[in-house]
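A.B. asks: One structure follows; several queries about it will come next.
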């Protein structure tokens, strides 16, 4: 009778499993690595590593002890009505905060320095220096969501010399950043920020937050960067705001529906930059360091880091 | 007989003189502000504020005591065979270093994060995440020229997490940056840098430095950013290097001839970003602070800061 290993199961629609399998087998030799969809003896699956699993999949493993999410956001998983009542562990930061900070910096500089216009000039071979760029002192970057990622974004943008504003649902004090909170704070925050960066988690309070009312509170020369969640933004309201020059432009990495449908007018809107959910990509080796260390903690009776609070939703 | 004021004369093909006139008249009331081209009583011109004056213009003012250049580079001025033998003062940094750092950061992020490809995907409505971006630890940024501006660029790029290499003609030690110098150092520097940023002054030693030999020493997946001087780069050699995939791309702000002629193939080269000499624009108020303080120093018998060394050429 062959020896029975407990199983670490894996599910991801986009990740190549080889990297994950190799590290797990090397660093956790007591386990067997299998793809969750193809596991036959489901009772041996002890841990699951997942990104966007189909609803109900996790519930089929009766002895599952913990779920590791291969990203920072867990909202999709928490909407699974059949999600088993076991610990859910998310990634703390697998290189994602820095990547997202760089994404924001790229967008902010593109807007402030008008690089998009120079691209247009290059196409028509027009040599046209735009000498009246705005001093960065007047180009405040407002970060919504001041968790681990928001703090890194705020800090890196601030280091480049841009004034940084922060908004969160509850009051926070952060060195070098003017912070706002709640509904009243939001009005003042949006009036001042030249770039509004959405980094909020998806909760009942943040869903559809970026709607017509929100956009009307932004200034006419301001820009929106959404790297939070597509469900924060009412895309029709954004399109209307851009048409009516309520705001100046947007850079979007997340959408109501992903992949962004071909017929969605955001694709060819001249004031919108579309990227395919790449502002923060999980770096497998960094994620694996965290997951392996957390599985070792669990195996020795400890509590993993970055445990998700289901009530808060993150 | 009207009172005679000494004159501060101004010449710039691109700057609007009103800002300059207003500040000079306010802060140096003993002087009269005039446009150098239209001064009738040339003997009253004591100081000249210039950018790209025509050869010979400065020599027509017999009592000129000092020339202030409205930028960081003085090479064009020093080539004037009729340049009078008086002190030449350049701008130390009128917001330019930070602007140039931001320009470099924009370029580095555009290359490393492949934003250009996402722009192409957006045009054809293709949702295609490029999940294998290179970790920034492997994306070294090499800064050539470690003067006041080079140091700010190196520091700001380094703060974002990119490894920074530095090259200069003479040895320099800088915290947090691996430095190289001279011909031997250049070979190693170019082999390692994924982005080579030219920030050198224009001298006999740096003219045509970026030629076929130089480009062949760069790696095939590397990029060139030129914000130094157009005369550093042999544009034909760059075009050949791009055709033959000797390097991967370039972002150019300065050119052999400016404005870049319509027939120049750089304009519509798919691997080249062209901007019209805007990486560092003089911010008039910051420049005026420096110039006014230097004129006061000269008037009280002192020595101005940022005096140009004609032998060195900067």
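FYI, it's all coordinate maths here, none of it is from the lab. These numbers were taken from a predicted model, which means no experiment stands behind them. Because the Cβ atoms are built from the backbone with ideal geometry, glycine has one as well, and the counts that use them run over all protein chains shown.
A.B. asks: Starting from the Cα gyration tensor of chain B, take the square roots of the eigenvalues, sort them a ≥ b ≥ c, and report rounded, prolate or oblate (rounded when a/c is under 1.5, otherwise prolate if a/b is larger than b/c, else oblate).
C.D. replies: Judged from the Cα gyration tensor, chain B comes out prolate (a/c at least 1.5, a/b above b/c).
A.B. asks: Given axes a ≥ b ≥ c from the Cα gyration tensor, I'd like to know whether the range A:130-239 is rounded (a/c under 1.5), prolate (a/b larger than b/c) or oblate.
C.D. replies: Taking the square roots of the gyration eigenvalues as a ≥ b ≥ c, the range A:130-239 is oblate.
A.B. asks: Along Cα→Cβ, 7 Å out, is where each label goes; now give me the distance between the ones at residue A:40 and residue A:148 in nm to one decimal.
C.D. replies: 3.9 nm
A.B. asks: If you don't mind, another one. How much length, in nm to one decimal, is gained on full extension between residue B:78 and residue B:303, taken as 0.36 nm per residue of separation minus their Cα-Cα distance?
C.D. replies: So the extension gain works out to 79.0 nm.
A.B. asks: Then there is this: Residue B:65 versus residue A:296, label points 7 Å from Cα toward the beta carbon: distance in nm?
C.D. replies: Modelled inter-label distance: 7.3 nm.
A.B. asks: Nearest 0.05, what FRET efficiency do residue A:262 and residue A:124 give at R0 = 30 Å with Cβ-Cβ as r?
C.D. replies: The value I calculate is 0.60.
A.B. asks: Could you tell me how far the Cα centroid of the range A:2-27 sits from the Cα centroid of the range B:194-212, in Å?
C.D. replies: Measuring centre to centre over Cα atoms gives 50 Å.
A.B. asks: Evaluate peptide B:123-131: per residue, the Cβ atoms of other protein chains within 10 Å of its Cβ; return the mean as an integer.
C.D. replies: What the average comes to for B:123-131 is 6.
A.B. asks: Here's another thing I want to ask about it. What residue of chain B has the nearest C-beta to the axis that moves B onto A, and what is that distance in Å, given as a whole number?
C.D. replies: B:159, 2
A.B. asks: Take every residue in peptide A:273-282, count the Cβ atoms of other chains within 10 Å of its Cβ, and give the average of those counts.
C.D. replies: 5
A.B. asks: Still on this structure, please answer the following. Using alpha carbon centroids, what distance separates the range B:236-314 and the range A:30-65, in Å?
C.D. replies: Using only Cα atoms to place each centre, the spacing works out to 59 Å.
A.B. asks: Under the rule a/c < 1.5 gives rounded, and otherwise a/b versus b/c splits prolate from oblate, where does the protein assembly as shown land using the Cα gyration tensor?
C.D. replies: prolate
A.B. asks: Now for a different question. Calculated from DSSP H runs of 4 or more alone, at -39500 (n - 2.57) each and per residue, what is the 222 nm mean residue ellipticity of chain B, nearest 500?
C.D. replies: The helix-only estimate for chain B comes to -9000 deg cm²/dmol at 222 nm.
A.B. asks: From the label point of residue A:289, set 7 Å along Cα to the beta carbon, how far off in nm is each other copy's matching point, shortest first?
C.D. replies: Shortest to longest, the spacings are 4.1 nm.
A.B. asks: Below 8 Å, C-alpha to C-alpha, sequence gap of six or more: please give me the relative contact order for chain A in percent.
C.D. replies: 16 percent
A.B. asks: Quick check: the angle from helix B:182-192's long axis to the longest principal axis of chain B, C-alpha only, nearest 10 degrees?
C.D. replies: Taking the Cα atoms of chain B, the angle to B:182-192 is about 50 degrees.
A.B. asks: For chain B, set up a GNM with springs between Cα atoms under 10 Å and report which of B:150, B:228, B:56 has the largest fluctuation.
C.D. replies: It is B:56.
A.B. asks: Name the most mobile residue of B:275, B:206, B:22, meaning the one with the largest mean-square fluctuation, in a Gaussian network model of chain B with Cα contacts below 10 Å.
C.D. replies: B:22
A.B. asks: Sticking with this one: I want to verify a result. In a Gaussian network model of chain A, Cα cutoff 10 Å, which of these has the top mean-square fluctuation: A:241, A:148, A:220?
C.D. replies: Most flexible of the set in this elastic network: A:148.
A.B. asks: Output the antiparallel fraction of DSSP beta bridges having both residues in the range A:96-274, as a percent to the nearest 5.
C.D. replies: Rounded to the nearest five, the antiparallel share is 5 percent.
A.B. asks: Test of understanding: extend the Cα→C-beta vector of residue B:132 to 7 Å, then name every residue of the range B:216-255 with backbone N under 16 Å from that spot.
C.D. replies: Answer for the range B:216-255: B:221.
A.B. asks: Something else about it: Would you please put A:100-110, B:248-258 in order of how densely packed they are, using the mean number of other Cβ atoms within 10 angstrom per residue and starting with the highest?
C.D. replies: In decreasing order of mean packing, A:100-110, B:248-258 become A:100-110, B:248-258.
A.B. asks: Which residues does the label zone of residue A:183 cover in the range A:212-243, counting backbone N under 20 Å from a point 7 Å along Cα→Cβ?
C.D. replies: A:212-218, A:232-234
A.B. asks: Distance in nm between label sites at residue A:203 and residue B:285, each 7 Å beyond Cα in the beta-carbon direction?
C.D. replies: 4.0 nm
A.B. asks: Still on this model: Evaluate the relative contact order of the range A:96-274 (contact order divided by residue number), counting alpha-carbon pairs under 8 angstrom at least 6 apart; express in whole percent.
C.D. replies: 16 percent
A.B. asks: Let me ask another. Just checking the output field for A:105-111: average partner chain Cβ neighbours within 10 Å of each residue's Cβ?
C.D. replies: Taking all residues of A:105-111 together, the mean is 4.
A.B. asks: Right, next: With a Förster radius of 51 Å, plug the Cβ-Cβ distance of residue B:52 and residue A:172 into 1/(1 + (r/R0)^6) and report the FRET value to the nearest 0.05.
C.D. replies: 0.50
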